[in-house]
1. Residues to consider are L394, L402; find the one that is surrounded by 11 or more Cβ atoms within 10 Å (Cβ to Cβ), modelled with pLDDT of 65 or more, within 22 Å of L331 (Cβ to Cβ) and not assigned by TED's automatic domain parsing to the domain that holds L335.
2. Would you confirm whether or not the range 94-101 contains a residue that is surrounded by fewer than 14 Cβ atoms within 10 Å (Cβ to Cβ) and modelled with pLDDT of 70 or more?
3. Please work out if I270 is part of a helix (DSSP H, G or I) and closer than 30 Å to Y392 by Cα.
4. Can you confirm whether N345 is under 30 Å from K399 (Cβ atoms) and either at pLDDT below 80 or in contact with an Asp or Glu (Cβ under 6 Å, 6 or more places away or on another chain) (or both)?
5. Scan the range 220-230 and give yes if some residue there is assigned to a helix (DSSP H, G or I) and loosely packed, with under 10 Cβ neighbours inside 10 Å, otherwise no.
Amino acid sequence: MSRLFNLCEFFNYFFCDCLFFSSFLLHFYSVCIGGRCSFVIFRRIKMRPNKVERRKELELAVALRQKELEGLRRRKAELEEELSITPQNLTSGDLSAAFPVLDYCGARPRKDLRTVPIERVGNMLTQFELASKAISERNQALMHEVNELNRRIKAQGKHYIRVSEQTKNLEDATGVRAQGGDQANERRAFLRQNETDVTPQELESRKALILKEIRTGRILLKKKEQTIFEMTNAVQLRREILDEIDALNNGIRVTDRDLKCEKEALQALIAEHDDVDAKLNKAMIAKESSSRLLIQEGIAEMRDEISGTVTESRQRQERVIKTQNYRIEQLEHRLECIEKALQNNNLLRGVDAALSQSWAAKGDLMTLGDDVDMYDSDKINPSQERCHPAIYNLFLAEKNRLTRCISLLNLVAKEKEAVIDALGCKAEALSKECQEAIQELDQVASGAAYEEENQRVKAIEYIEQQRLRYSDLFFEKHRLKSLALTTPRTGRPATRR
């Protein structure tokens, strides 16, 4: 039995070792061959965001959008403030209040134009255009007002002259000097003042006030005279400008008339020259010789040859261009393949170092071939492809390294297969021993069961015997009790058990 238990324990240990070794082989295979795939799967699983990260990203995006919206609203408010043109400012006539951009204009501007940021230049130009239009409209309105005032002044002057003439004629006819309404009122007021009692101080103060008003009236009269004189000069200047414009218009009309006459004369000359050219052509056609025909035929042949040569060269150039385009596409495809191979094999830095070393060793730049080679299709698209020696050496070294790694892996795989075969043989031997042990255990178990059955039968028989003996003893006890009760009593009382 101890040997059988030892075999079972050894078989369990061996089975655990086999499982551990097989798991190690699977892990080694996944690391060597399927490592990249597992790494990609791990990266994809790792890069897969959860709900918390997605919620944080959404909150961050919403905060950024709100910040951008606030900036845009602030920018909109600034633009509205800059472009604020209220009707009150326009109607009041204060253009500087209606257009804040006018603060940057003038000989002494209130604000410096150099302080304006570059992103507001377009907006400032738009405001300048609006302000210029408003100023031009304002000037036109003022010009209309000035013209209306000039017209009224002229009408009032004519009316004043007419009234003065009528008054003068009336004075001459009646011999009475007329006084204006203002003078009569002043006369009556003066007489009314003389009738009252006034102190000399009040008279002096009134005299000073009257003298002051007289001086003010004289100053106003001089200003009005100066204004009328300036307006008269402006009207005279305007009349001179209009006269000059009329003279220029008359000169333009005269020039147009002269130009029209010259054009008619030129057309007559052109018609005359056309007639002369037609006559000369007829004379030249009549005198045309055979030599001229030969020259024209030679010229036509030369033109045909030139056109054929140009067509042939053009076709050749088109073929060369197509070949070059095909070669460019082929080289781009090769470059993509080489870059992909270098990236997959992690050789980009090695290629850069090798190429820089090779160029540094050469010490000069690569020069193009002859111009003739650019038009040769065989040289443009060679039969055999070439590669840079540094890149080829890197690929060759990588190939040799991979070959060595594959050979080592093959050797390791063969060794593992041999170990697996040996372990399989050992497992078969152990399985046979285990089967023998199991058979022996079955035999022992069957013998033990048979022995147990015999012991059980014997125990049952023994129990039956003991029961029979117990019943006999019970009956014997009962009989003895009955005998003890039936016997006569002696001097001692009978004891009960």
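The values are calculated or read from the model by the stated rules, or taken from the named source; none is laboratory data. Here the structure is a predicted model, which means the values were calculated and not measured. Here the Cβ is made from the backbone with ideal geometry for all residues, glycine too, and neighbour counts use every protein chain on show.
1. On the way: L402 fails: within 22 Å of L331 (Cβ to Cβ).
Only one candidate passes the filter, namely L394.
2. The answer is no, given that none of the residues of the range 94-101 is surrounded by fewer than 14 Cβ atoms within 10 Å (Cβ to Cβ) and modelled with pLDDT of 70 or more.
3. No.
4. Yes.
5. no
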